[in-house]
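Since the structure comes first, as structure tokens, the remarks are kept for the end.
The values are calculated or read from the model by the stated rules, or taken from the named source; none is laboratory data. Everything numeric in this text was worked out from a predicted model, so none of it was measured. Every residue, glycine among them, receives a Cβ derived from its backbone with ideal geometry; neighbour counts consider all protein chains shown. In case anyone asks, the SASA skips ligands and DNA or RNA and just uses the protein heavy atoms, side chains included. Shrake-Rupley method; radii C 1.70, N 1.55, O 1.52, S 1.80 Å.
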Amino acid sequence: MKTLFILLLSACLLTGCALNILTGRNQLSLVSESELQLVASGQYNTFLNENRVLNSATSRDAATVDRVGARISNAITKYYDKEGKGSLLEGYKWEFNTIESKEINAWCMPGGKVVIYTGLLPVTQNETSLAIVMGHEIAHAVAKHGSERMSQGLMQQMGGMALGVALAQKPQQTQDLFMTAFGIGSTVGAILPWSRQQETEADQYGLIFAAMAGYDPREALAFWQRMSEAGGGSQPEFLSTHPSDETRLRKLKQFIPEAMKYYTSRK
Ligand SMILES: [Zn+2]
């Protein structure tokens with residue numbers, strides 16, 4: 001663990017960390033956003049082809065996901081523009097899809113490629129909670145957490161290889177790493193849990209995005225409580241990578257007053 005830390009630290013010093021413009025935190029950054037978006041669009045299409053995607057013209061759930069997604073992505077664009085950071089969303093082409101699956105899961109790939117699993121909906125129960133979890137997942141993406149994990153994975157598993165080289169020389173391993181880094185599959189290799197710091201950032205900004213989209217951020221407490229209780233279910237991955245515990249609830253309570261400043265009820 002210590003060796004890994006030193007390895008990551010020296011990688012940081014030698015090859016470059018990037019200051020994250022959203023969070024102001026230095027992150028290991030061995031991959032460019034445009035490279036990641038390119039891989040993401042391929043992986044996203046493959047994923048959709050391999051799963052049953054609900055049609056929002058006939059499925060009320062999918063229509064709700066589309067509506068919440070549109071509102072949250074508009075809110076994020078507005079937030080970044082207001083902060084003078086609109087360029088950070090360069091290359092983003094938002095897509096929201098709902099797939100039929102028992103898994104309690106949701107994720108957002110670089111470039112704004114979002115998937116909600118129907119197994120999550122009994123836990124969200126309402127549109128506001130869906131907005132909370134979508135805000136959280138999208139915040140992971142725009143705060144470049146997946147990119148950070150992808151960089152760590154390239155360091156740990158592939159000797160710091162550049163993404164392009166890794167894709168050419170070890171395409172399957174690199175694709176698996178990508179999927180794991182973005183919280184999509186954890187069947188191959190070790191699960192890289194989202195760090196506590198990444199979780200906290202995703203909660204903090206996710207609440208602001210949901211609030212700006214017109215969803216009450218106070219709903220987050222009840223939602224993450226339900227997620228915590230759903231932990232006894234059949235899909236531990238999402239829950240183990242998204243720890244729902246006392247610390248999270250305590251942090252959420254701290255973030256809610258800030259998020260409330262952005263909230264205007266739609267009613
Ligand atoms: Zn998370």
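Below are the figures for this structure:
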quantity: Within segment 78-102, tally of residues that are in contact with a strand residue (DSSP E or B) (Cβ under 8 Å, 6 or more places away or on another chain) and closer than 15 Å to A131 by Cβ; calculated: 3
quantity: Of residues in segment 18-56 being part of a helix (DSSP H, G or I) and β-branched (V, I, T), the one farthest from I99 (Cα to Cα); calculated: V39
quantity: Filter result (in a helix (DSSP H, G or I), more than 11 Å from the ligand (Cβ to nearest atom) and among the charged types (D, E, K, R)) within segment 135-149; calculated: E148, R149
quantity: Condition check for A166: in contact (Cβ under 8 Å) with a residue 24 or more places away in the chain, over 12 Å from the mean Cα position of the chain (by Cα), at negative phi and more than 16 Å from the ligand (Cβ to nearest atom); calculated: no
quantity: Residue match in segment 187-200 (condition: modelled with pLDDT of 90 or more, out of contact with any Cys (no Cβ under 6 Å at 6 or more places or on another chain) and away from the ligand (no atom under 16 Å from the Cβ)); calculated: no
quantity: Unique residue being open to solvent by 50 Å² or more (accessible area, probe 1.4 Å), at pLDDT 95 or above and under 26 Å from T180 (Cβ atoms) when the list is K102, K93; calculated: K93
quantity: Selected residue [within 15 Å of the ligand (Cβ to nearest atom), surrounded by 23 or more Cβ atoms within 10 Å (Cβ to Cβ), at pLDDT 90 or above and not aromatic (F, W, Y)] from G206, G183; calculated: G206
quantity: Within segment 60-77, tally of residues that are in contact with a strand residue (DSSP E or B) (Cβ under 7 Å, 6 or more places away or on another chain) and surrounded by fewer than 21 Cβ atoms within 10 Å (Cβ to Cβ); calculated: 2
quantity: Any hit, segment 150-161, residues being hydrophobic (A, V, I, L, M, F, W, C), open to solvent by less than 10 Å² (accessible area, probe 1.4 Å), within 16 Å of the ligand (Cβ to nearest atom) and in a helix (DSSP H, G or I); calculated: yes
